[in-house]
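Worksheet: the structure to be examined is printed underneath.
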Amino acid sequence: MTVKTAFDIRQQLQLLETERALALDTMLAHDPVYMADLREEIFATRHAYVGSAVGEIASFRAQLTGPQAG
């Protein structure tokens, strides 16, 4: 199993945003199923990115100052 970092997930999010921008200039913009699926994937990836980034920040902080209690 490969663990993705916040950086990896951010890159995936940028690719999805690019895909959406390109799709808007094609007939895919009028395909409600495709656009809904893409929107859901962007939404899920954005949430994964935020969760991963927060986890990485907490981990780095714990390494610098020790774990927080309370």
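The values are calculated or read from the model by the stated rules, or taken from the named source; none is laboratory data. The shown structure was predicted, so the numbers you read here are calculated from the model rather than taken from an experiment. All Cβ positions, glycine included, derive from the backbone under ideal geometry; neighbour counts span all protein chains shown.
So here's what we get for this one:
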read-out: TYR49 vs. criteria more than 16 Å from VAL3 (Cα to Cα), surrounded by 13 or more Cβ atoms within 10 Å (Cβ to Cβ) and aromatic (Phe, Trp, Tyr); value: no
read-out: Cβ pairs under 8 Å, 6+ apart, first in the stretch 25-38 and surrounded by 10 or more Cβ atoms within 10 Å (Cβ to Cβ), second among the aromatic types (Phe, Trp, Tyr); value: LEU28/TYR34
read-out: Candidates ALA69, ALA6, filtered to the one that is of a type in the set (A, V, I, L, M, F, W, C) and at pLDDT 95 or above; value: ALA6
read-out: Residue in the stretch 17-35 that is part of a helix (DSSP H, G or I) and touching a Lys or Arg at 6+ places or on another chain (Cβ under 6 Å) present; value: no
read-out: First in the stretch 48-62 and touching a residue at least 24 places away in the same chain (Cβ under 8 Å), second anywhere and among the hydroxyl-bearing types (Ser, Thr, Tyr), Cβ under 8 Å, 6 or more apart; value: SER52/THR5; GLU56/THR5
